[in-house]
Each structure stands twice: as C-alpha cells, then as structure tokens.
1. Is it true that some residue in the range 25-41 is surrounded by fewer than 10 Cβ atoms within 10 Å (Cβ to Cβ), β-branched (V, I, T), modelled with pLDDT under 95 and assigned to a loop (DSSP other than H, G, I, E, B)?
2. Listed residues K84, K52; which is in a helix (DSSP H, G or I), under 19 Å from the mean Cα position of the chain (by Cα) and not hydrophobic (A, V, I, L, M, F, W, C)?
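The values are calculated or read from the model by the stated rules, or taken from the named source; none is laboratory data. Predicted model only: the values in this text are computed from it and were never measured. FYI the Cβ positions are ideal-geometry reconstructions off the backbone, even for glycines, and counts take in every protein chain you see.
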Amino acid sequence: MQYTRTLVVPLNQTITLKRKFNFKILNFLGSLLIISLFLFYIFQVNSLAKEKYLLESYYEKITQLSEENEALEIKLVKESSLNKLNDYLKKENFIKADNISYIKILETQVAKSE
C-alpha cells in the first residue's frame, strides 16, 4: 500500500511566498555606507587642503630662491668685473698711488692765447 500526502487549501485563502526582508540589516548597511562615504569625503578634503598648503609653500620657496639667484648673479658680475679690472691693471704695470697732490689754478683760464 502506498500513502501520499495531500495538501488541502481552502479556496478563500491564498498562499503567499513573500520573503520577509530584515530592515535592521538594510538600515545597518545603509548607515555603514553613509558613514564610510562621509569619512572618505573628509579624507579627500584634508588631502586637498594639505596639497594646497604645500603648493603655496613651494611657490614662496621658488620666489625666495629666485630673489637669491638674482642677487648672486649681480654679485658674480661685480666680482667678475673687479677681477678683470685688477688683472688688467697688473698686466699694464699700473701701481697704486700713495700720495696724491692736486694743482691749484688761481685764474679761471687754463691757457692764454696771445
């Protein structure tokens, strides 16, 4: 003999196969996503501010180094011209004057024509 099981459902009752969705998990995952995106946003803003600060300090450093470079170029030109002048004076046998005396002219004319 064989037995079978039969399910009898009354006609006025419908079978619902809806899954129950756990809203606690959905709320937890949504909150976790929002918090992680907010933390990522804060990290990005902080990184951007740090890079902007470094960029401004680099511009200030470039300006300072440019001014120093200009001053060094001027100093180099002065030193170079003085060294060349000293070398020229030594080559042409110039000597340094110890005692300087000036001629006093009493009249307004230097030479007279007759």
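1. no
2. K52
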